[in-house]
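Structure first, then comments.
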Amino acid sequence: MSKNEREQLRPIVDDIKGRLPGAILNEEDSFGDLVLVADRKQSHDVMKQLRAQGFDLLADIAGVDLLKVEHTERFLVVYNLYSIPRDLRVRVKVYVPEDDMNVPSVTDIWQSANWAEREAYDMFGFHFEGHPNLVRILTHRQFEGHALRKDYPVMKGQWASGVSDLMPDMERE
Amino acid sequence: MTAHETGVITTRVDEVIRWGRKNSLWPLPFGTACCAIEFMGVVSSVFDVSRFGAELVRFSPRQSDMMIVAGTINYKMGPVLRRIYEQMADPKWVISMGACASSGGFYDNYATIQGIDQIIPVDVFIPGCPPRPEAILDAVLKLQAKIDRTPTK
C-alpha cells in the first residue's frame, strides 16, 4: 500500500468501524492490499458500506479450504473489491466453519456476485443465503461433492449421463 | 467417336465406393481448445487439406463423416460429444487430435476425461500439444489407408 492509498483507505475503514461496531475483526496488509476480516453475521452490511464508499467492482469471489491449518475455521471466502473512480483495492475475508456453511449473498449489491458465488458454491459448497439461483456452474449437476475441497480426491472424475442440465429449456420440449 | 472417348473401365463396386469415401472426407471440427486453431491452419492455403479431398468443413454432424476432436473434453462436455457423434450418419470416422483429446493431456484432474476413446470409438490418434499441421495431414492419410483396406459391407 502506498502512503496515498493508506490515507484514502483509513477514513473508509474508520467510517465502517464507527457504523458497524464489531463487524471488522481484523485488518491486514497483504501483498500491498488492504485486507479486512469481517464477521460472517455482519459481512453483508460491511459489503454494503464498501459499495457505498465507491467500491463499485466486485472482481472475484474466491474460496479457501484451510483443512490442515490449526486454530481456525475450515473455510474462507475472499471478496476482491476494486473502486474504479478512486483506483483502490480492498479484499474482504470471511471465515466459515464446516458445520455451518451459510454466508450472506452479495448478489443484491453487485450483479457480478451471481456467477462468482455459484462458482464458489460449486467448488467448496458454501451456501450463499439470498442467492437467486444457487446451482453448480462449472461441473455438471450430477457431480457429487465439491472439487476444490482439500479432502476431494483430485483425480476422481465423475461421469455425466446426459446433457439435460446444460439446456433444460430445450430438453423439456 | 473413338474408342478412347467411349472406353469402359471394369472394377469392383466395393473398390469404387472405398475410393470415393477416402477422397471426399468431410470433416466436422469438434474444437474445444487450441488444437482447433491449429486445425484452421491445416484447412487454409499453406497446408491445404483439400489436396487430400478433406477441405469441406461442415459444422453440422449430419453433413460430415470425419469428426476431428480438437481439444480438451471434460466430463460436462462428454455427453455432448457423444450425442454429436451419434448424430453423424454412417459411415463415420473419428480423429482424436492432440494430447488432451487422446489422453487428457496434462489435465490429470477431476474435470477432464482421460481420453475420448472412453466415450466414442477413435480411428486415428494424433500426438502433440498441439500437433503440427503435417501431423494432421498424416492422420488424414492414415485414415484414408484404413478406409481403403476396410470392406464396405
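The values are calculated or read from the model by the stated rules, or taken from the named source; none is laboratory data. Please read these numbers as outputs of a predicted model, since none were measured by experiment. Cβ atoms come from the backbone with ideal geometry, glycine included; neighbour counts cover every protein chain shown.
B:Pro121 meets the conditions (1) part of a helix (DSSP H, G or I); (2) more than 14 Å from chain A (Cβ to nearest Cβ) in every case but one. The failed one is (1).
Name the single residue, out of those in region B:67-108 being among the hydrophobic types (A, V, I, L, M, F, W, C) and in a loop (DSSP other than H, G, I, E, B), that is nearest to the chain's Cα centre (by Cα). So that I can check it myself, show each step before the final result.
Within region B:67-108, the subset among the hydrophobic types (A, V, I, L, M, F, W, C) is B:67-70, B:73, B:77, B:80-81, B:84, B:88-89, B:93-95, B:97, B:99-101, B:106.
Of the ones still in play, those that are also in a loop (DSSP other than H, G, I, E, B) are B:73, B:77, B:88-89, B:106.
Working: B:Ile73: 16, B:Met77: 19, B:Met88: 12, B:Ala89: 14, B:Phe106: 23 Å.
If we take residues in region B:67-108 being among the hydrophobic types (A, V, I, L, M, F, W, C) and in a loop (DSSP other than H, G, I, E, B), then B:Met88 is nearest to the chain's Cα centre (by Cα).
Selection of first residues in region A:1-24 that are closer than 14 Å to A:Leu81 by Cβ and of second residues that are at pLDDT below 85 and hydrophobic (A, V, I, L, M, F, W, C), restricted to Cβ pairs under 8 Å at least 6 apart or on distinct chains, gives the following pairs, ordered by first then second residue: A:Leu9/A:Met1.
Restricting A:Lys17, A:Lys41, A:Lys48 to residues that are closer than 20 Å to A:Asp99 by Cβ and either in a loop (DSSP other than H, G, I, E, B) or modelled with pLDDT of 90 or more (or both) narrows the list to A:Lys41. When we screen B:Glu86, B:Glu38, B:Glu55 for residues that are of a type in the set (Asp, Glu) and within 14 Å of chain A (Cβ to nearest Cβ), the only hit is B:Glu86.
Kindly evaluate B:Ile116 against the criterion of being in contact with a strand residue (DSSP E or B) (Cβ under 9 Å, 6 or more places away or on another chain) and under 30 Å from A:Leu148 (Cα atoms). So B:Ile116 fits the description; yes. Out of A:Thr107, A:Thr72, one residue alone is in a loop (DSSP other than H, G, I, E, B), within 17 Å of A:His131 (Cα to Cα) and touching a Phe, Trp or Tyr at 6+ places or on another chain (Cβ under 8 Å). It is A:Thr107.
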